Structures are given as C-alpha cells and as structure tokens.
Amino acid sequence: MIAIQLSPETQFSVSAAQFFRNTIPLLAALLFWMVVAQAQPALEPPPGDPQARVIEGVSNTTVFGLGQSIRIVGSVKEGAIAFGGDVIVEGSVDGDVAAIGGSVIQREGSRIGGDVIVVGGLYHHGKVASGRDPQSVTIMYAGYENELRHVMREPFSVLRPQLTAVFFGTRLVAVLLWFMVSLALMAVMPNTVSRAVARLQLSSLRVALIGLVGSIAVTLGVFVSLLVLPSVLGAIVSIMALLLVIVATLFGRVVIFAATGRWLQRRFLPRLQSESIALLLGVVFWVALASVPYVWPVVIAGLLVVSLGLALTARYRISWKKSAVEKG
C-alpha cells in the first residue's frame, strides 16, 4: 500500500500493484482491438475512381484534386497532388506525384519523373515501377486512408466526430492512460502538485495569462530561431521548446485533473473523501469535454495554455491571494 501525504487535510492512498494488475490487461486489449480494427490488408491495385477528373492533353502547371481523384491520361509538365482522392497516372508526369487521403496508382506504360508521396494510402505500380527516375524517392505512410479521405473531402467533420466504437474506445484508453500518468506523477511529486492545485484555485486567470504569453513567446521564438540561427541551433531550440510543451502538458493536465476532481467531489460526492476518486472524476470530465463536437479545439487549446502557465509558475509559492484562503 502506497500512502502519500498531499496536504494536511487529505491523504492519497492507492494499491499500485492491484491497480496496474487490473488496468494494464484492459488497456492492452483495447489497443490491440483498435489496431486490428484499423488494419488495412494489402489489396490488389484498385480500378480507380470512376468519378475522377480526367486530365487530357498537355498541362504546363501542377494539377490539383481537391476532394476528388484525378486521372492523368495526357502529359503533365509539373506535378500532381490529390487531397482526399487518388492520383491515377496513365500518361506521364514530369514532376512529383502526391496523394493525401488516397493512393497513387501508376498504370503500365506510364511515367513519373519525380518523387511519389502517399499519406494514408498505397503506391500501386504493378510488378515494377517502370518509368521512374532512379534518383527519385518514394515516401509512403499507409494507414487511416478512409479517415483521411473523409477529412479532406469534409474538413469540418474533424469538429464533428462520429460516435463509433473506435471513438468510444479511444476515449476509454485516454481516460486510463491519463489516470495512470496522474497517479504516477502525484506519487513522485505530491507536494508540487498540491501547491500547483492551490495556485490554480487561487489565481487561475493569472496562470492562464502567463501561459498565453508564454505560448506566444515560445511559438515566436521557435520561428525566429529557425529563420535567423544556423540550422543546428534552430533545431536545438525547437527540440527544447517541444520538450517544454510536453513536460508542461503532462504536469499541467495532472494539476487541472486534480483541481477539477476535487471540486466535483465536494459538490456532488461529499461523502467520498478519496483523492484517487477525485482524480478519476477530473480525468473523465476533461476527456469527455474534449470530445464534444465543435468545442474540443477550444478545450485542448485552453488546457495547453493553462498547463504552460502552471509549468512556468511552478517555482513560485502561493502569495498572490492569501485573503481568498482566509475567507475560504
């Protein structure tokens, strides 16, 4: 039994061995189920989209397909790219060919002079990719083709997720992961988390403003470093900024989960004085709120800003609003 003194009033205790023994098999089963559900077996080259836009003759510019497939039977002097569709090459393309949310299909006797980039689909070229420049490269990420195709054709569907089994499964996995991370972080630094929770409760607006200013400064700093500094130093600054955001997200979200869970527990479950239950309530609340259609981008941005503010003010003790503590 692990017992951690979070504050003079509350005590956090949890059986770590029992918790991990019960949750890890469930988490592994959910992850395996989602991988199997999203797996895309290798198929024979498709016949092509019958509603694809046909490119005939000679085109001296880059050919685009926005929300539809394109079929090139003529000659394209630049490149071809499709968003949410396939690129079917039956003629010749001198430049690069790319498909995001679709596949690149190269028929026999056709030619692609540049690189081939596929995100979400596959590169079908028969037994041998004839007509390719030996110096050209092929970049392919196969997976989630249908999802990417749907997003590219209906961009606002990102704000309106579909209520499927995969959707609920990913949210359940998110609850379990964040609950485990929160338990581990609270076990490692209970005093730091408790001070941050009190700081957030006493001066949430100031923390949010500091996080907003910090996020703007970090973003501008990364762009300026990439433009002004040498490439090596710019990459180092970018990596450091990324690490700061990751650490701030982990620490800040745990603090927000704990503060929200304590508030929910006091308001709705006053008889259950358990820090683990309060933490679980906070995790479920924010994961559910971050799943609401059209609202989740604002929630994610708000969590990131407040988390960064909590991380930037972690070394300061509570001295901003002592009168509020006395009144409470």
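Read-outs throughout are calculated quantities, based only on the coordinates presented, and are distinct from any laboratory measurement. No experiment lies behind these values; they were computed from the predicted model shown. We place every Cβ from the backbone using ideal geometry, glycine too, and count neighbours over all the protein chains shown.
A few points about this structure:
- Cβ crowding within 10 Å ranks Ile236, Ile246 as Ile246, Ile236, fewest other Cβ atoms first.
- Amide N of segment 91-105 lying under 18 Å from the label point, which is placed 7 angstrom from the Cα of Arg153 along Cα→Cβ: 99-105
- Distance from segment 229-299 to segment 145-209 (C-alpha centre basis), Å: 6 Å
- Surface/4 estimate of mean projected area, convex hull on alpha-carbon atoms of segment 53-159, nm²: 6.2 nm²
- Among the trypsin sites (Lys or Arg not before Pro) within segment 79-141, those in coil by DSSP and having at most 13 neighbouring Cβ atoms inside 10 Å are Lys127.
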